[in-house]
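> Below you will find the structure I want to go over with you.
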């Protein structure tokens, strides 16, 4: 149960950071939750992170970097990497939508800074929802539901995350201008790969 709670928390944190800009609420978590900050070793040691006031840190550094890696120079969408024409599929034909519909998962485009449901942050938010379903099945002692949702998690990672996300995140690691997004790329790569291997076994 504790492992599932940790997985759920990590998918929640990672998807939030990949989906939209840093605000004062998420910055507060990064700064003052020691367990979270330990996941970002370079951020933890970054002088500007310790010395700048929150508004300046967000407006002049963190969100400039987010714009660079998410909106301007890199493409965080599955179909960009998996379609032969390199186009992002923004319509209902996007391959992730069948999974989402099965669980009643709706992408809130107005809240997230995304144009398509196969954005890396959305896909990992869906994994957050699947780990919530896993927690519910464990709490209820429902072995059948638990086996189904674990199988769905593995299948979703296999079909919609593992086959492309490293290409994007390696670019994030090298293109990022702040330790936050460098560390986030490393954390996401290691955590998701480890989680996938665990689900496979």
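Computed from the coordinates by the stated procedures, all read-outs in this text should not be read as laboratory data. Remember, predicted model here, so these are calculated numbers, not experimental data. Don't worry about glycine lacking a Cβ; one is built from the backbone with ideal geometry, like all the others, and counts go over all protein chains shown.
> Taking Cα centroids, how far is region 150-165 from region 87-124 in Å?
Region 150-165 and region 87-124 have Cα centres separated by 14 Å.
> Once label points are set 7 Å from the Cα along Cα→Cβ at both residue 55 and residue 151, what is their separation, rounded to one decimal in nm?
5.5 nm
> Which residue, 144, 89, 45, tops the fluctuation ranking in a GNM of the chain built on C-alpha contacts under 10 Å?
144
> Per residue of the chain, what 222 nm ellipticity follows from adding -39500 (n - 2.57) for every DSSP H run with n ≥ 4, rounded to the nearest 500?
One gets -19500 deg cm²/dmol as the mean residue ellipticity at 222 nm.
> So for the chain, averaging the separation of alpha carbon pairs under 8 Å that are six or more residues apart and normalising by length, what relative contact order in percent results?
For the chain, the relative contact order is 31 percent.
> Ranking request for peptides 121-132, 46-57: highest mean number of other beta-carbon atoms within 10 Å first, then the rest in descending order.
Most protected by this proxy first, the peptides run 121-132, 46-57.
> Kindly state, as a whole number, the per residue volume in cubic angstrom of the convex hull around the alpha carbon atoms of the chain.
122 Å³
> Next question, about the same structure. From the alpha carbon gyration tensor of region 1-117, can you work out the equivalent ellipsoid semi-axes (sqrt of 5 times each eigenvalue) and give them in Å, largest to smallest?
Listed largest to smallest, the semi-axes of region 1-117 are 29, 20, 12 Å.
> Between residue 166 and residue 84, how high is the FRET efficiency from 1/(1 + (r/R0)^6) when r is the Cβ-Cβ distance and R₀ = 22 Å? Nearest 0.05.
Calculated value: 0.65.
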